[in-house]
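Only one structure is covered here, and it is reproduced in the block below.
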Amino acid sequence: MPLATADVIGILGDNLRLRKSVLPLSSKVTTRWTEGLGLPRGGETVLYTGMMYQLIPYIEGLVRAVDRLGDSWMGSYTKLGRRVNRLVNISAFMARPSAAERAVYDRVPIDVVHLLRRAGVRFGALYEDDLYSGALAYDLGLDEIVAEHAAKVLAAFRKHGVKQVITIDPHTTTMLRSVYPRILEGYDIGVSSYLEVLTEKGVAGNGHRVRPIDGEVVVHDSCVFARYEGVVDEPRTLLAAAGLTLRDPENAGRQTWCCGGPVESLYPAKAAANAEKRVAQLRAAGDEAVTMCPMCFVNLSSAAGSTMRFRDISEYLREAFAS
C-alpha cells in the first residue's frame, strides 16, 4: 500500500515551516564541510550550498524508509505520523547515513572552495545560516510556505551583508535567481553558479597550471541548469579545458532527459524507471558520465549500479585545476 502522498507532502511542508528544511539536519552536519577552510563569516560575496549536497544521503535514507513503510501495515498511519512530526522531527530517525556516505557529498563544496580560490575569488560562508532554498517544497506546489521560507533566507543575507551569492547546485541556483525575485518584494541578491564564475574567471587560463585529465566522459545536463538557467556551455568549456573528451548522449543540452528527481521521495518506482531510461541513453554514449546536480548523481548512479561510473563535475575540475 503506497503512502498517502498528501500526508508525505504535508510532513515536508511542516518541516520547512517549522524547522527551515524539508529534512531538518543539525548545523553540525550541514556545516561540517567548512572545517579547516578558514572561510570568513558572511561578507558581500558568499558561497551558498543551500544544504543540497549535504541533504542527499539523508534523502536517500528517507526514500528507502518510505519505500519500506509503503509496503507495510504502517503505511496507513501517515496522518498520525504527520501530527507527531509537528512535535518531533520523525524524519531524523528514518534516515541515518554512514560517515562514508556523508563524506562523498561533503567533498563537493570543499572542492568548490579550492576551485574558486584558484580563480582568485574572494568569498565567505554563512555557516549555520546557509539555509535550504525550499526547492522541493516549491516543486510540490507549497507556494505559501516557500514564500515564508524565502523571506527567512533573505533575512539571513541581509544579516550578513550579502550582495552576491555563488551557488553549487542547479536547484538552489534557480530558486535564488529565478523564483525568489518573483515572490519576494525588494529581493536584489546577485546569483551565479560556481560553474559560471569559474568560466568567467578563466580558471584554466591566465597562466594557471593545469593537470590535463586523459579520458572521455558523457555529459549529463541537469534539467534545471539547461532548461531554466541556460547553463549548458559552461560545464563543457571547463571539462574540455581540463583535457577531457566530451560525448553527448541522446537528449542533451536544453533537450536533456530527466534523472527521475525530485519525485523520488514520493514516487520512488517512477523515479527509478526514469533514471534507468536515462542511464541507457548515457551508456550508449560511453561508460563514464559527469553530473552537475546531487539529485542527478544519486539517482543515476543508483540506477546504473556497476554498469557505468558517475562523478560530479567538481571532482574532475578539482583534479585538473586545483590539485
**Study point:** Hey, residue 231 touching a residue at least 60 places away in the same chain (Cβ under 8 Å), buried (at least 21 other Cβ atoms within 10 Å of the Cβ) and touching a His at 6+ places or on another chain (Cβ under 7 Å) or not
**Key:** no
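Hey, among 218, 298, 224, which residue is outside the structural domain of residue 105 (by TED's automatic domain parsing), touching a Leu at 6+ places or on another chain (Cβ under 7 Å) and not in a loop (DSSP other than H, G, I, E, B)?
Details: 298 fails: touching a Leu at 6+ places or on another chain (Cβ under 7 Å); 224 fails: touching a Leu at 6+ places or on another chain (Cβ under 7 Å).
Result: 218 is the single residue among 218, 298, 224 that is outside the structural domain of residue 105 (by TED's automatic domain parsing), touching a Leu at 6+ places or on another chain (Cβ under 7 Å) and not in a loop (DSSP other than H, G, I, E, B).
Yes or no, residue by residue, for (1) out of contact with any Phe, Trp or Tyr (no Cβ under 7 Å at 6 or more places or on another chain); (2) closer than 14 Å to residue 313 by Cβ; (3) assigned to a loop (DSSP other than H, G, I, E, B):
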{"site": "212", "(1), (2), (3)": "yes, no, yes"}
{"site": "235", "(1), (2), (3)": "yes, yes, no"}
{"site": "239", "(1), (2), (3)": "no, yes, no"}
{"site": "246", "(1), (2), (3)": "yes, yes, no"}
{"site": "249", "(1), (2), (3)": "yes, no, yes"}
{"site": "270", "(1), (2), (3)": "yes, no, no"}
{"site": "273", "(1), (2), (3)": "yes, no, no"}
{"site": "279", "(1), (2), (3)": "yes, no, no"}
{"site": "286", "(1), (2), (3)": "yes, no, yes"}
Study note, to complete from the structure: Of (1) at pLDDT 90 or above; (2) under 19 Å from the mean Cα position of the chain (by Cα), residue 56 fails just (1)
Practice item. Could you tell me which of the residues 192, 178 is assigned to a strand (DSSP E or B) and among the hydroxyl-bearing types (Ser, Thr, Tyr)? Key: 192
Study note, to complete from the structure: In the set 308, 292, the lone residue that is out of contact with any strand residue (DSSP E or B) (no Cβ under 6 Å at 6 or more places or on another chain), outside the structural domain of residue 136 (by TED's automatic domain parsing) and closer than 19 Å to residue 135 by Cβ is 292
Check your understanding: Of everything in the stretch 296-319 that's of a type outside the set (Ser, Thr, Tyr), out of contact with any Phe, Trp or Tyr (no Cβ under 7 Å at 6 or more places or on another chain) and surrounded by fewer than 22 Cβ atoms within 10 Å (Cβ to Cβ), which residue is farthest from residue 203 (Cα to Cα)?
Key -> 305
Revision key, fill the gap. Of 112, 165, 153, the only residue that is closer than 29 Å to residue 220 by Cβ and touching a strand residue (DSSP E or B) at 6+ places or on another chain (Cβ under 6 Å) is 165
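The values are calculated or read from the model by the stated rules, or taken from the named source; none is laboratory data. All of these numbers come straight from a predicted model, not from anything done at the bench. Cβ sites come from the backbone with ideal geometry, for glycine too, and all protein chains shown count toward neighbours.
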